[in-house]
Structure formats: structure tokens, C-alpha cells
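Heads up: the structure comes next, in C-alpha cells.
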Amino acid sequence: MASLTGYATVSMILFSLGAIGVVSRRNVFVIYMSIELMLNGINLFLVTFARYHFNMDGQILSMMVIAIAAAEAAIFLSVIILLFRTKKSLDTDIFTELKQEVE
Amino acid sequence: MIDFVFVALSICAIAGGGTMVLHKNPIYCAVGLLISVLSVAGLFALLSATFMFMVQIIVYAGAIMTIILFLLMFLNIKEQDLPPEPKKNILVAMGVILMIPINLLVLEGVSRLEDSDMSIVEEGFGGIKELGMKLYTDWLLPFELISILLLVALVGAVVLAKKREKRGVKNG
């Protein structure tokens, strides 16, 4: 069970769950958490192949993905606070300030 | 034994992810993601990536998930603030149908690779010493770029969070 295909299956399922969450939910928080889940699935894939090839470059790449996820968390969550203060809602369909009016 | 731990951790990871996608209340979604992240950390340990196991627990479960839970409680989200999602189940089903071919494609490719030994390495792989040696020699430039990125994110978060005076809106 704990073979290359097993680990790849788990990481692909995690990535797919994240992608499904991004396209199907309207809550901003859940969309952000889905992005985190996708990054987790990709990290697992990288670490799996690092073990498979007995080469640690994959682990370093996955560490950089975690650093970028931390930077993303800071920016994304402060943007969510600003949006929630102005609109009092978490619905992505309400945030249409930049939409062009079609005449 | 390793197979048993692997199956248990995988089930926890996938169940946590499924809870996150399907549940309405964001607090339960955050707890589901937390379970999923911790299970992935366990899988890292099974893949003998001990330093990644530590980083995953400290950065993801310790820092990012704490910020998310803190914010969810800070914003005090009520039931009426949550967006109505009447078409959620249909969209999830459509997403599953869309993602299955991509999964099958990747797994077909992976299963054609020759099988190799994935057992736990005792020493000399994935520890903090080996990873540090690699990080500060071969990967020095990306490492410095990541530190600049983190600095920019820090400044950006401060700029976004500070108070700004109201400007008059012209033309409505």
C-alpha cells in the first residue's frame, strides 16, 4: 500500500478536493483554505518523488512552497478583513467593485 | 505496520479535506483542514522527510491555521453573514466528474514508473543537517529570493491593515 502509486493517489485526491472547493464554494474563507489544501497535495507529491529518487531537491522545493503559503496567508487574510469590513459579508459574488458596467 | 499507518493517515487526510469542501460553517472547515494538514505531516514522516514534518507542523498547523481560526473568531461571523450556496452539491458533483480524468491521467503515468523501495531511511536523508547543507549551497539564490518575498509580504500586510482616511468618492 505504501508505494509510489499509493502516495501519488493520496496527493492527487487532496489536490482535486482543493480544486473542487475553489470552484464550488462561495465563502471566501473556504476558498482560501481550499488553496491551502491544493498546496498541501503538491507538497506531498514533491516529497514522495524526493524519496523515490533519493534526492532532497524535492524537499527543498516543498519547503519553498510552504514559505510562499505563509506569505500568501498574511496578504490574503488582511484582504479578507478589509473586504469584510466594507461589505459585511463573505460572499464572493458581492465583491464586484471592479466589474465594468455593460450598457 | 507502515502500510497500516499509511492507510490511517491517508483516510484522515482525505476525510479532513472532504469535510472542508462540504461543510457550511467555516469553523468546521478550518478544523477539517487542520486534521488534513497534520495527517500530511505524518505522511512526510513516513517518507523519511523529518525536517519537512517539523516545518509542516510548525508553519502550517502552528502558524497559518492559528491565524485562520483567530480571524474566524475575531470577525464574529454569524449565520446570516454566510453566503447562500444553493447549487453547492451540483457544483461539487460536476467538479468530481471534471477532476477524475486528470487524476487517472497522472496515476497512469505514475504507475508506469518502476517500483522502488519506499521504506524509512534511518540516517543521512531528509534531516536538518543534510537539508541545510543543500539549502545553503545549491539553493542559495532561491533561498534569498524567498526571504525578500517574505519581507515584501510583511510590508504589504502592514500597509493593508493600517487605517486610512476616507476619500471623497467622485461620480458616485
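The values are calculated or read from the model by the stated rules, or taken from the named source; none is laboratory data. Computed from a predicted structure; not experimentally measured. Virtual Cβ from ideal backbone geometry, glycine too; neighbours counted across all protein chains shown. Just so you know, the surface numbers come from the protein's heavy atoms only, side chains and all, with ligands and any DNA or RNA stripped out. Shrake-Rupley method; radii C 1.70, N 1.55, O 1.52, S 1.80 Å.
Before moving on, here are some points about what is shown:
- For the range A:34-61, the set of residues classified as in contact with a Lys or Arg (Cβ under 9 Å, 6 or more places away or on another chain) and either part of a helix (DSSP H, G or I) or surrounded by fewer than 21 Cβ atoms within 10 Å (Cβ to Cβ) (or both) consists of A:S34, A:D57, A:G58, A:Q59, A:I60, listed by residue number.
- Where B:L75 falls short, out of the listed (1) within 18 Å of the chain's Cα centre (by Cα); (2) closer than 25 Å to A:V79 by Cβ; (3) at the interface with chain A (Cβ under 8 Å from one of its Cβ atoms); (4) surrounded by fewer than 19 Cβ atoms within 10 Å (Cβ to Cβ): (1)
- Boolean, B:G109 is free of Cβ contacts under 8 Å to residues at least 12 places away in the same chain and within 23 Å of the chain's Cα centre (by Cα): no
- Every condition in (1) part of a helix (DSSP H, G or I); (2) closer than 25 Å to B:I97 by Cβ; (3) not hydrophobic (A, V, I, L, M, F, W, C) is met by A:D93 except one, and the failing one is (1).
- Residue match in the range A:23-39 (condition: closer than 30 Å to B:M133 by Cβ, touching a residue at least 40 places away in the same chain (Cβ under 8 Å) and not hydroxyl-bearing (S, T, Y)): no
- Among residues of the range A:44-61 that are farther than 15 Å from B:I120 by Cα and charged (D, E, K, R), those with a Cβ under 8 angstrom from a residue that is open to solvent by 20 Å² or more (accessible area, probe 1.4 Å) and in a loop (DSSP other than H, G, I, E, B), sequence gap 6+ or separate chain, pair up as A:D57/B:D138; A:D57/B:W139.
- Restricting the range A:62-90 to residues that are outside any helix (DSSP H, G or I) and without any contact (Cβ under 8 Å) to a residue 60 or more places away in the chain, the residue that is least open to solvent (accessible area, probe 1.4 Å) is A:S89.
- Checking each residue in the range A:44-67 for being under 13 Å from the mean Cα position of the chain (by Cα) and more than 7 Å from every other protein chain (Cβ to nearest Cβ) picks out only A:V65.
- A:V23 being surrounded by fewer than 17 Cβ atoms within 10 Å (Cβ to Cβ) and within 7 Å of chain B (Cβ to nearest Cβ): yes
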